[in-house]
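S.K.: Quick one: the structure is below, questions incoming.
The values are calculated or read from the model by the stated rules, or taken from the named source; none is laboratory data. As the structure is a computational prediction, the values presented were derived from the model and not from experiment. Reconstructed Cβ throughout: ideal geometry from the backbone, glycine too, with neighbour counts over all protein chains shown.
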Amino acid sequence: MRDNFLIFGCPVIEQPEIDEVVDSLKSGWLGTGPKVHKFEEMFEEYKGVGFAMALSSCTSALHLSMLAIGIKRGDEVIVPSMTFAATANAVIHAGAKPVLADCEIKTMNIDPEDIERKITSRTKAIMPVHFAGRPCDMSSIMELAAKHDLKVIEDCAHAIETEYRGRKSGTFGDLGCFSFYATKNIVTGEGGMAITDNEDYADKIKVLALHGMSRDAWKRFSDEGYKHYQVVYAGFKNNMMDIQAAIGIHQLPRIDKYWERRREIWNRYNEAFKDLPVITPAPVEPDTRHAHHLYTLLLDIDRLKITRDQFLDEMTKLNIGVGVHYRALHLHPYYRQAFGYKRGDFPNAEWISDRTVSIPLSPKLTDKDVGDVIEAVSEVVH
């Protein structure tokens, strides 16, 4: 057993971002200011898009994207059952109904065939989630969107580096939404980003994110002179702070370096677990880039003497942090009570939900840390 607990999803924080945060504190720009603007410009360049809007979270980005494309009460938006609650909740916050679709067993991504089965006259958008960093079948999804005149908002919380057939995640749909939460591939502590090439969507998100005011706060108080504002929407408080962006502007240039380390760990896990009673993640599809955000093992519970939850407990006893990504949405009490979902509605998502475990995958892991994870998994499943 390790002497110390190995935290699941621990980020790498280096000296430049520490110095940049201190600089923000000394400068007095604690809220939305020039560093947020710089981070947005860097992300626009990284993604090759016209507009990037830094926000307080990916959840905020998803919610405001819903509003930007005109989602309203009575509308339906198709989302996967195999995802985090924020995906569906963003639809609910916009006043619409999340309609769940099943996933593919192999990829864990939303199944385009089930998307089509769920389309009704009330469907206004599709929200695919690039699960664990693996790109969805965007060709099929965009074909469906065009056929039925639907908007597409990509949930890229796991998928900053993800590419599909030479295009970057978040650039297929009308908008793409990203997370910089503490466990993500690059971090700002809390934070998110929405991207688009549609100037109207970008303008609306910027205004909605800051109380519905017509000008950014940092521009109102800049040395260019005071700028009066007008409240044009009943907006929200979803803006990113300069303190957060101070971290992001140093994390983003290292994104490929961190990705290479996660890929190295991913491959080491695949080799170590190939003969165990577990199912390792499917190989990366040709002409795609997997972001390697989560390493999700599926336990072969028919061959094991322990349950999935016992596995989680045993790993924790061995000082290895673990996670579950995810319990399918329709199995949670709220969605069952609010929308009438029940076990049996989404068999693929349920099959994954009952077997899935996530083990540490971070560029901060040392070779010894990785060895400890491998040893622990091997011990628990034997």
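S.K.: Confirm whether MET108 is on the phi > 0 side of the Ramachandran plot, in contact with a helix residue (DSSP H, G or I) (Cβ under 7 Å, 6 or more places away or on another chain) and either among the β-branched types (Val, Ile, Thr) or modelled with pLDDT of 95 or more (or both).
M.R.: Yes: the conditions hold for MET108.
S.K.: Ok, one more. From the residues in the range 249-277 that are in contact with a strand residue (DSSP E or B) (Cβ under 8 Å, 6 or more places away or on another chain) and either loosely packed, with under 15 Cβ neighbours inside 10 Å or β-branched (Val, Ile, Thr) (or both), which one is nearest to LEU297 (Cα to Cα)?
M.R.: If we take residues in the range 249-277 being in contact with a strand residue (DSSP E or B) (Cβ under 8 Å, 6 or more places away or on another chain) and either loosely packed, with under 15 Cβ neighbours inside 10 Å or β-branched (Val, Ile, Thr) (or both), then PRO277 is nearest to LEU297 (Cα to Cα).
S.K.: Quickly run through the range 274-307 and pick out the residues that are more than 22 Å from GLY133 (Cβ to Cβ) and in contact (Cβ under 8 Å) with a residue 12 or more places away in the chain.
M.R.: If the condition is that a residue be more than 22 Å from GLY133 (Cβ to Cβ) and in contact (Cβ under 8 Å) with a residue 12 or more places away in the chain, then LEU276, PRO277, ASP300, ILE301, ARG303, LEU304, ILE306 are the ones that fit.
S.K.: If you don't mind, there's one more thing I want to ask. Which residues, taken from the range 19-37, are more than 13 Å from ILE249 (Cβ to Cβ) and either loosely packed, with under 14 Cβ neighbours inside 10 Å or of a type in the set (A, V, I, L, M) (or both)?
M.R.: Passing the criteria: VAL22, LEU25, LYS26, SER27, GLY28, LEU30.
S.K.: Which pairs do you get when a residue that is more than 30 Å from HIS211 (Cβ to Cβ), found in the range 240-268, comes within reach of a residue that is part of a helix (DSSP H, G or I), reach meaning Cβ atoms under 7 angstrom, with the pair 6+ apart or on two chains?
M.R.: Pairs found: ILE265/VAL370; ARG268/VAL370.
S.K.: Oh, and also: Quick one: in the range 86-102, which of the residues that are part of a helix (DSSP H, G or I) and among the β-branched types (Val, Ile, Thr) is surrounded by the most Cβ atoms within 10 Å (Cβ to Cβ)?
M.R.: Step by step, filter the range 86-102, then rank; the result is THR87.
S.K.: Quick one: what pairs do we get from the range 224-235, first residue within 12 Å of LYS206 (Cβ to Cβ), second modelled with pLDDT under 90 and assigned to a loop (DSSP other than H, G, I, E, B), C-beta under 6 Å, 6+ apart or different chains?
M.R.: VAL232/SER214
S.K.: Let me ask another. Does ALA94 qualify as being farther than 20 Å from ALA234 by Cα and touching a strand residue (DSSP E or B) at 6+ places or on another chain (Cβ under 9 Å)?
M.R.: no
S.K.: Conditions: (1) among the charged types (D, E, K, R); (2) surrounded by fewer than 16 Cβ atoms within 10 Å (Cβ to Cβ); (3) touching a helix residue (DSSP H, G or I) at 6+ places or on another chain (Cβ under 9 Å). GLU40 meets all but one. Number of the miss?
M.R.: Checking GLU40 against (1) among the charged types (D, E, K, R); (2) surrounded by fewer than 16 Cβ atoms within 10 Å (Cβ to Cβ); (3) touching a helix residue (DSSP H, G or I) at 6+ places or on another chain (Cβ under 9 Å), the one that fails is (2).
S.K.: Additional query: Quick one: what pairs do we get from the range 13-25, first residue under 25 Å from LEU365 (Cβ atoms), second in a loop (DSSP other than H, G, I, E, B), C-beta under 8 Å, 6+ apart or different chains?
M.R.: The qualifying pairs are ILE13/VAL187.
S.K.: Another question about this same structure. Which residues, taken from the range 298-312, are more than 21 Å from PHE346 (Cβ to Cβ) and within 26 Å of the chain's Cα centre (by Cα)?
M.R.: Within the range 298-312, PHE311, LEU312 qualify.
S.K.: Please go through (1) modelled with pLDDT of 95 or more; (2) in the same structural domain as TYR46 (by TED's automatic domain parsing); (3) basic (Lys, Arg) for ARG261 and return the number of the only condition it doesn't satisfy.
M.R.: Result: ARG261 passes all but (2).
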